[in-house]
Amino acid sequence: MSENSSMEEEFATSGNFSYAMDYAHDAGRGLREETVRYISKVKGEPRWLLNFRLRALKIFEAAPIPPWIPVDLTPLQFDQIRYYLAKDQEPKRRWEDVPDEIKATFDRLGVPENERKFLAGVEAQFDSEMAYANLRQSLTERGVIFVNSTEGLLQHESVFRPHFGKVVPAADNKFSALNGAVFSGGSFIYIPKGTKLDQPLQAYFRINAEQFGQFERTLIIVDEDAEVTYLEGCTAPRFESSALHAAVVELVVMPRAKVQYITVQNWSSNVYNLVTKRGIARESAEIRWIDCNIGSRLTMKYPCVVLAGTHARGEMVSISVAHHGQYQDTGAKMIHRASHTSSHVMAKSISIQAGVAAYRGITRAAKSAKNCKNYTRCDALMIHPESVSKTHPTLDVQGALSQVQHEATVSRVSDEQIRYLRQRGLGESQAMGLLVNGFLNELLREFPMEYGVELKRLIEMEMEQR
Amino acid sequence: MRSALAIRNLYLNVAGKAVLHGLSLAVPAGEIHVLMGRNGSGKSSFVHALVGQIPVAAGEVSLDGVSLLGLPPEIIAQKGLFLAFQTPVALPGVTITQLLRSALQARQEKGKLFDHMQFHDDLEAAMEFMGMDASWASRHVNDGFSGGERKRCEMLQALILKPKYVLLDEIDSGLDVDATRIMVNAIRLLHRRGTGMLIVTHHSRWLEVLAPNGVHLLSDGVIHRSGGMELARAIEAEGFQAAQ
């Protein structure tokens, strides 16, 4: 078997494996004030951060579950979830120092291999904490910071604290409040002025424990004229009970800077993935979200760009695949606060069997913002008669001379297409895979080549299993 | 014995209506045979039944002595029957290259590596033969194609997939003079390679240059009459009634 096909097979197993772990730190089940105090104490946090967490807990407890959540959250059993589990506090800087079980997990997911091949830096989170973190020495010398959230706030407080919780405040929604109370792990990145990283930084998020909640928090600050691409991948094994992933991502993109944030979400089918992602783009800055959601029981994710400076640009490229029993509720928010800003949303979704794929988006232009442009296109492909596709667009344009366009198409794979491909020698599932990849081709090209190839193969294999 | 596509005593019902009533026909390997008949006589249904897209009521279809009846359409295709559709469907997003690569990979023995270089060389040569420039390789199959382009695309696929038999369902309809010439050249190339062909058509003139081995008239659900080019000429000159 070739090295590549081995990697693809591992990728295609959806990460459905786990190791028995001996955790040094365990906050127990359920969420109380003591849970939050335990996490903060274990991490050795300052008073201000504990207060931030406790305030967030109060907001979480007071906030109702939003009535528009499309799936019953009862299986989550908030009082049974484990909110913090860690083997170590400090991530290892050398791969050989990572504990064996964790090393085996990330080995199977191809982490060290990818680092060697095409990454400038890697972090690998195992349950609540980063188990491994490494950044090329040359980038450290240039002032790039790539650490986990705890290190970021303790060792680089002056850089990160002014922006921490400002883009996505704890009170933004119930799940951002939950994250604020119990967050652990995630990447804190600072790219200095004028620094352009020609290779991406990557984080892997891995849930290993059963009935666990992962609450990483990522903050990326890209200073003036700097550029960075950040990749994140998520996997988990399939357990009997449900798991929760409620992350918060904040991007601060200074004038003329660019950030590209790429996510490949392949959680197992009992993970509830409720994520808040938002970036602020200053003058002539650019934020691109590239998002692929294949896994999870329910994903609710609407990456947002706040276009706060003139000539800022926001872009969203979104792929969602909803299998039977999955609900992918994804979309984008483009908030035009400054004049001459532009945004572009391309979303493609696929519903298989009784899977539900929904696009939920907001385009808003403030009254003071003139000459804003937005183009949104959502294409949905339904594979089976029982497949479901929904679109919930909101357009709210207050300013003058702005152009906002929303286009949507819904199509089906026809029997005639399948018959044609079978006559060419393809089995029914291969035919379906080819048509689905054809539908996604245009957007798959937006992913880095290594990811694009794996995604195509993964989608083909998913179709072949149907 | 040379390989052959053999149809014996075939019965076919479409939408509750009996279309074929015991049709028998043999197309020996490497020969060109022509099937003619009135509109609605069941020619298209017949070729679709041969490739497993319409279930047959009774009878036998075999290739090289092996029955094809009941096999899934993709297996029949892999065994060597190719149908050039009269109106091929569009596949948005799927390029000609992707389709052909997938079709070849589906035929490949397990564990054998796909020769990408050879594939691209073959595709380039076949496209050139069919008068297609390099941009065709990345065009989406039949998406926005004219009628003539769709038919050229069908023949391109036959040239690359190298089946034992090609069934051409009115591949000549609606073609201009130049497109017809390209199509005739493609059929000749397939013939030189030893590919057997069954051509469904209404027109005899373009058949003159192909010199088919047999011409068959389908009427009342059976092969009513068989002959050579003289039968095709008679049908064109005098109509089906007179030819019977």
Enumerate the helices in chain A for which the Kyte-Doolittle hydropathy averages 0.0 or more and the C-alpha atoms extend at least 15 Å along the helix's axis, using complete DSSP H runs. A:47-62, A:428-444
If you take each beta carbon of peptide A:407-419 and count the beta carbons of other chains within 10 angstrom, what is the mean? 2
Please report the base-10 log of the normalised intensity I(q)/I(0) for the stretch A:21-421, using a Debye sum with one equal scatterer per alpha carbon and no solvent, at each q in 0.06, 0.08, 0.12, 0.13 (1/Å). -0.23, -0.41, -0.95, -1.12
From zero outward in steps of 5 Å, how is the percent of C-alpha pairs of the stretch A:129-218 spread across the bins? 3, 12, 21, 23, 20, 13, 7, 3, 0
With a Förster distance of 45 angstrom and the Cβ-Cβ distance between residue A:71 and residue A:166, calculated FRET efficiency to the nearest 0.05 equals 0.90
For chain A, what relative contact order do you get, as a whole percent, if you take Cα pairs closer than 8 Å and at least 6 residues apart? 10
Measure nothing fancy, just the Cα-based angle from helix B:229-243's long axis to the longest principal axis of chain B, in degrees from 0 to 90, nearest 10. 50
Please give me the summed charge of the neighbours of residue A:313: other residues whose Cβ is under 10 Å from its Cβ, Lys and Arg +1, Asp and Glu -1. +1
So what's the gap between the Cα centers of the stretch A:41-112 and the stretch A:293-322, to the nearest angstrom? 22
Restricting to chain A, what percent of DSSP beta bridges are antiparallel, rounded to 5? 10
Could you give me the ³J(HN,Hα) list for the stretch B:41-52, computed from phi with Karplus coefficients 6.51, -1.76, 1.60 and θ = phi - 60°, whole Hz, x at Gly and Pro? 7, x, 4, 5, 4, 4, 5, 5, 5, 4, 8, x
Rounded to whole angstroms and listed largest first, the alpha-carbon spread of the stretch A:366-415 along its three principal axes comes to 50, 15, 7
Quick one: 3J(HN,Hα) in Hz for the stretch A:399-407, Karplus 6.51/-1.76/1.60 with θ = phi - 60°, rounded, Gly and Pro as x. x, 8, 6, 9, 10, 10, 10, 10, 10
Could you give me the ³J(HN,Hα) list for the stretch A:370-386, computed from phi with Karplus coefficients 6.51, -1.76, 1.60 and θ = phi - 60°, whole Hz, x at Gly and Pro? 10, 6, 8, 10, 9, 10, 10, 9, 10, 10, 10, 10, 10, 8, 10, x, 8
Take the eigenvalues of the Cα gyration tensor for the stretch B:92-244, scale each by 5, and report the square roots as semi-axes in whole Å, largest first. 33, 17, 14
In degrees, nearest 10, range 0 to 90: what is the angle between the Cα axis of helix B:116-129 and the longest Cα principal axis of chain B? 50
Using a basic spin-label model with each label point 7 Å from the Cα along Cα→Cβ, how many nm lie between residue A:429 and residue A:193? 5.7
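Once you have the Kirkwood Rh of the stretch B:31-76 from its Cα pairs, apply Stokes-Einstein at 20 °C and 1.002 mPa s and quote D in µm²/s.
It diffuses with D of about 182 µm²/s by this estimate.
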Quick one: which residues, 5 or more positions from residue A:148 or on another chain, have an amide H under 5 Å from its amide H? H modelled 1.01 Å from N in the peptide plane, none for Pro or chain starts. A:188
Report the Rg/Rh value for the stretch A:270-345, based on alpha-carbon coordinates and the Kirkwood definition of Rh. 1.08
For residue B:222, other-chain or 5+-apart residues with amide H closer than 5 Å (H placed, Pro excluded) are B:21
In nm, to one decimal, how far is the modelled label at residue A:48 from the one at residue A:416, with both set 7 Å along Cα→Cβ? 6.6
Ranked from highest to lowest mean number of other Cβ atoms within 10 Å per residue, what is the order of the peptides B:221-231, A:379-389, A:293-303? A:293-303, A:379-389, B:221-231
How compact is the protein assembly as shown by the rule of thumb for globular proteins, expressed as Cα Rg over 2.2 N^0.38 Å? 1.16
At q = 0.21 1/Å the base-10 log of I(q)/I(0) from the Debye formula over the alpha-carbon atoms of the stretch A:319-466 is -1.21
Give me, ordered by chain and number, the residues 5 or more places off residue A:413 or on other chains with an amide H under 5 Å from its own placed amide H. A:382
Mean shadow area of the stretch B:194-237, taken as a quarter of the surface of its Cα convex hull (nm²): 3.4
For chain B the mean separation of alpha carbon contacts under 8 Å (6+ apart) over residue count, i.e. relative contact order in percent, is 28
At the level of C-alpha centres, the distance separating the stretch A:378-438 and the stretch A:212-254, in angstrom, is 28
Could you work out how far apart the two model spin labels at residue B:26 and residue B:129 are, taking each label as a point 7 Å from the Cα in the direction of the beta carbon, and quote it in nm? 2.9
Considering only A:70, A:392, A:418, whose Cα is most displaced toward the positive end of the charge dipole of the stretch A:21-421, charges sitting on Cβ of Lys, Arg (+1) and Asp, Glu (-1)? A:392
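Read-outs throughout are calculated quantities, based only on the coordinates presented, and are distinct from any laboratory measurement. Predicted model only: the values in this text are computed from it and were never measured. Here the Cβ is made from the backbone with ideal geometry for all residues, glycine too, and neighbour counts use every protein chain on show.
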